[in-house]
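Enquirer: Got a structure for you, written out below as C-alpha cells; questions coming shortly.
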C-alpha cells in the first residue's frame, strides 16, 4: 500500500512559541486518517503546513511523492481542501462561486458533478452566500473540496454547522470516496464521526502527537472499564491503586471499575468475591482521547 501523505518531524515556530513539535505520521492510499485534538492543539497548523499555506520551521512533507514546498502548485491541483473557517464571496450565489472554482481548476465539465453534490446536500445554489446559514455555507465548502473528484482530500472540521442528516450525507460521501481508493485526511471534533469513519487516528496535544494507531490498538492502550455485579457486599477500599483501579462508580448493585495497566491483579481480586455478572466495556474514542490527555498531564 503506497504512502500518499508523509509528514516527518514537522516543527513550526511563531516567534518563540512552538506551535508544532516533531509531528510525524503517514497516510496510505485508500485510507481515512483522523487528527483529533482541542482548539489550539495544532490541527489546522498541521494541515496548512501540508498545503504550504504556512511555511514549516523544520521537517519535511511529501504528498503523492511531491515536496510540499517545491511542488505546492502540483499538490494543490490534485487535492480537495476544506479549511477550518471556510468563507466564500458574500455577493456570489453558490452556483457562481462553484463555477468560478471549476474555472480556476480548468475543469468546467464538472458542473454536472457539482449539481449532483448540491442535490445530495439539499443546497439551493441560486441563493447568494450572504443569505445562507452557516450550515449551507459549509455545504458549499464541502462541494468545492469534492467538485474536481480529487485523489486526496484534506478536510478541516468538515461537518461544522451541519445538521445531523447532512452529517450522514457527508459520512456516506467519505465512505464512497474511500471505496474508490481516495486518500482522506480529516481533522474533527466530532469524536463519534471520527471513530466511525477513520481507519487510523492521531491525537495531538500542545503541538505534539501523543498517540497514533488504529482504533482497535488505541482502544487496547486506553483505560480498561469493567461492569461487575456482586452477590456479596464488597469493601470498595480494597479495590485501590495497588491493583490498578483508578475510579469506581456504583449504581444500585452495579459497580463500574476503571482499571489502568495490567488487569490481572484486578481480575484476581474480583474472583475473591461472589460474582453475579462480569463484563468488559469497550471504550469509545472520547474516553480514549481523555485517557491519553490525562496521562500526558500527569507525565508533564
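The values are calculated or read from the model by the stated rules, or taken from the named source; none is laboratory data. Since we're looking at a predicted model, the values are computed, not measured. For neighbour counting, all protein chains shown are included, and Cβ atoms are generated from backbone atoms with ideal geometry for every residue, glycine included.
Enquirer: Just to be sure, is residue 297 at pLDDT 65 or above, loosely packed, with under 13 Cβ neighbours inside 10 Å and in a helix (DSSP H, G or I)?
Expert: no
Enquirer: For residue 290, which of the numbered conditions (1) out of contact with any helix residue (DSSP H, G or I) (no Cβ under 9 Å at 6 or more places or on another chain); (2) part of a helix (DSSP H, G or I); (3) modelled with pLDDT of 85 or more fails to hold?
Expert: Exception for residue 290: condition (3).
Enquirer: Consider residue 224 against the criteria (1) crowded, with 20+ Cβ neighbours inside 10 Å; (2) within 21 Å of residue 42 (Cα to Cα); (3) out of contact with any helix residue (DSSP H, G or I) (no Cβ under 7 Å at 6 or more places or on another chain): it satisfies all of them except one. Which criterion is unmet?
Expert: Looking at each condition in turn, residue 224 falls short on (2).
Enquirer: What number of residues within the stretch 266-282 satisfy the criterion of being surrounded by 14 or more Cβ atoms within 10 Å (Cβ to Cβ), closer than 15 Å to residue 224 by Cα and out of contact with any strand residue (DSSP E or B) (no Cβ under 6 Å at 6 or more places or on another chain)?
Expert: Number of matching residues: 1.
Enquirer: Just checking, which of 35, 73 is modelled with pLDDT under 95 and either buried (at least 18 other Cβ atoms within 10 Å of the Cβ) or touching a strand residue (DSSP E or B) at 6+ places or on another chain (Cβ under 8 Å) (or both)?
Expert: Just a single option satisfies the conditions, and that option is 35.
Enquirer: Residue check, residue 60 against (1) out of contact with any helix residue (DSSP H, G or I) (no Cβ under 9 Å at 6 or more places or on another chain); (2) under 19 Å from residue 182 (Cβ atoms), all met but one. Which one?
Expert: It fails just one condition, (2).
Enquirer: Scanning the stretch 250-265 for residues that are under 15 Å from residue 223 (Cα atoms) and modelled with pLDDT of 90 or more, which turns out surrounded by the fewest Cβ atoms within 10 Å (Cβ to Cβ)?
Expert: 256
Enquirer: Quick one: residue 235 ticks every box in (1) buried (at least 17 other Cβ atoms within 10 Å of the Cβ); (2) at pLDDT below 90; (3) over 15 Å from residue 260 (Cβ atoms) except a single one, so which number is it?
Expert: (1)
Enquirer: Pick from 137, 109, 119: which is exposed (fewer than 13 other Cβ atoms within 10 Å of the Cβ), part of a helix (DSSP H, G or I) and modelled with pLDDT of 95 or more?
Expert: Within the list 137, 109, 119, the selection yields 119.
Enquirer: For the stretch 38-67, name all the residues that are over 19 Å from the mean Cα position of the chain (by Cα), surrounded by fewer than 22 Cβ atoms within 10 Å (Cβ to Cβ) and at negative phi.
Expert: If the condition is that a residue be over 19 Å from the mean Cα position of the chain (by Cα), surrounded by fewer than 22 Cβ atoms within 10 Å (Cβ to Cβ) and at negative phi, then 53, 54, 55, 57, 58, 60, 62, 66, 67 are the ones that fit.
Enquirer: State all residues of the stretch 89-106 that are in a loop (DSSP other than H, G, I, E, B) and either outside the structural domain of residue 169 (by TED's automatic domain parsing) or surrounded by 14 or more Cβ atoms within 10 Å (Cβ to Cβ) (or both); if no residue qualifies, say none.
Expert: Hits for the stretch 89-106 are 92, 105.
Enquirer: Which of the residues spanning the stretch 140-158 are on the phi < 0 side of the Ramachandran plot and either surrounded by fewer than 20 Cβ atoms within 10 Å (Cβ to Cβ) or part of a loop (DSSP other than H, G, I, E, B) (or both)?
Expert: 147, 148, 150, 151, 158 - these are the residues of the stretch 140-158 that are on the phi < 0 side of the Ramachandran plot and either surrounded by fewer than 20 Cβ atoms within 10 Å (Cβ to Cβ) or part of a loop (DSSP other than H, G, I, E, B) (or both).
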